[in-house]
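The structure under discussion appears below in the form of structure tokens.
Taken together, the values in this text are just the output of simple stated rules run on the coordinates, not laboratory data. In this text, all values refer to a predicted model and were calculated from it rather than measured experimentally.
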Amino acid sequence: MVRLGPAKMRICIYTKRLTQRLDEGIVRVAHDLAHQLAKNHEVLTLFSAGDMAVAENLVRIPTNRSGLNLRLRREVRTFRPDVILYIPRGPVGLSSLLFARVLKLYGRSADLMILAPQPRGLTSPLSRKCAPLLRPDLILATSRKDQRDLEQLGCAAQFVPLGVDIERFTPTTPSGRSELRRRYGFGEKDLIVLHVGHIREGRNVGALECVQGNGIQVLVAGSTFFPAEASLARRLETRGIRFLKEYFDHIEEIYQLADLYVFPTLSEEACISQPLSVMEAMACNLPVVSTRFGGLPDLFPGEGGGLFYGSDTADLLAKTKHVCDNIRHISPRTREMVQQYSWDRSSQEILRIMEQYRSFRGNDRKAENRTAHMDREHR
């Protein structure tokens, strides 16, 4: 007997912005997830702004904040999706829920799901009151805390892991590291502490000035998506911290030349809930010192194997200095830890949740139809 696999789904993804430079978290998530889902399912990706080249399954439709757009409506209805996956630009707030309701109308019988990469949504009294009325079919939360908060508001929510490209982000050899350091102008004996992300006060990057010096070189590879805060960059540069402010097609090389990755961010508004840079550093098998940010402890509950958590800035800096002092005695296993969250595995988990929810909803519809039929016969 031949066992058939899950049927192909028609998945419509909508996100606000897609750009060719994939150095911003939500843009990267939308791009990589769409690419993975399209391997086994029919995927149409719609976006409103950005310079990503359009293609048969990638369509740019400039849309206002309401989502009321005849071309958007036509594209969605022509595609006839089974699932609409909406990836908002920021936290899921009242405007996101309203936009999602418009997409739901366009998709008719399609299940409407929101992927929420960024925490701290629905905090105002009005949005919390409206959430049960405007809720989508399912919200895919990227931290357990967000899942609990959404469920308390009456929204169906499910925790999901995001992914990392473990084929692109890989460890290098000692000779490969030496070559990369020569290419980018670093000394062979420098102990390089790396941070990748926006050069902004909200990322708590300024804390790294306490690490710079005494044989330690702090390197910050800034995103080009948001402009660097000039005063912050100048202050840190005077302390000897080096910045890479241009876009790198091969950002994996910057991880590969480093000795240690540090993620000092505390503010939930400064980053997506599962920081991709931490996962990329782990895929390159770097030791990582991080705050217990967002959904990271849900993916990696405890320390060990080269992963260290700081409870606050002072604790993070103390652990960073400890790791630097003992770097030669640390044998990281961070790549082994993050491999379970490759984009291939994470996208399969998201698909499993989609299929499970659609099956559950289908059974509910059948039960409703049977009840309605029995009521008609009884009458």
With θ set to phi - 60°, apply the Karplus curve 6.51 cos²θ - 1.76 cosθ + 1.60 along the stretch 350-361 and write out the HN-Hα couplings as whole Hz, x wherever there is a Gly or Pro. 5, 5, 4, 5, 4, 5, 5, 5, 4, 5, 4, 5
Long-range HN-HN contacts of F263 with modeled amide H, under 5 Å: V289, S290, T291
Would you please give the residues with an amide H less than 5 Å from that of V218, counting only those at least 5 places away or on a separate chain, with H modeled from the backbone geometry? V193, G213, R242
What is the pair-distance distribution P(r) of the chain, computed from all Cα-Cα distances in 10 Å bins starting at 0, with each bin given as a whole percent? 5, 22, 30, 23, 13, 5, 1, 1, 0
P(r) for the stretch 236-311: what percent of alpha-carbon pairs falls in each 5 Å bin, starting at zero? 3, 14, 24, 24, 20, 12, 4, 0
Note the direction-averaged projected area, equal to a quarter of the hull surface, for the Cα convex hull of the stretch 10-160, in nm². 8.3 nm²
Identify all aspartates and glutamates with a Cα-Cα distance to K319 below 16 Å; exclude those on the same chain that are fewer than 8 residues away in sequence. E209, D259, E303
Helix axis angle, 94-107 relative to the chain longest principal axis, alpha carbon, degrees: 50 degrees
Given an 8 Å cut-off on Cα distances and at least 6 residues of separation, report the relative contact order of the chain as a percent. 14 percent
Degrees between helix 25-37 axis and first principal axis of the chain (Cα, 0 to 90, nearest 10): 60 degrees
With no solvent and one point on each alpha carbon, what is the Debye value of log10 I(q)/I(0) for the stretch 7-74 at q = 0.12 Å⁻¹? -0.30
Using the Cα gyration tensor of the stretch 167-215, with a ≥ b ≥ c the square roots of its eigenvalues, what is the shape: rounded (a/c below 1.5), prolate (a/b larger than b/c) or oblate (neither)? oblate
Report the antiparallel proportion of the DSSP beta bridges in the stretch 174-340 as a percent, rounded to a multiple of 5. 10 percent
Tilt relative to the chain, helix 174-184 - C-alpha long axis, 0 to 90 degrees, to 10: 90 degrees
Considering only DSSP beta bridges whose two residues both sit in the chain, what percent are antiparallel, to the nearest 5? 5 percent
Given only helices, namely DSSP H runs of n ≥ 4 each adding -39500 (n - 2.57), what is the per-residue ellipticity at 222 nm of the chain, to the nearest 500 deg cm²/dmol? -12000 deg cm²/dmol
Defining a contact as two alpha carbons under 8 Å apart and six or more residues distant in sequence, what relative contact order in percent does the stretch 10-160 show? 20 percent
Taking N as the number of residues in the stretch 174-340, what is its Cα Rg relative to 2.2 N^0.38 Å? 0.95
Students often get this wrong, so check it: of K104/K129; K39/K245; K16/K104, which have C-alpha atoms separated by over 25 Å? K39/K245
Amide H contacts of A156 (H built 1.01 Å from N, under 5 Å, at least 5 apart or other chain): I139
Note down the relative contact order for the stretch 256-337 as a percent, whole number, built from C-alpha pairs under 8 angstrom at least six residues apart. 34 percent
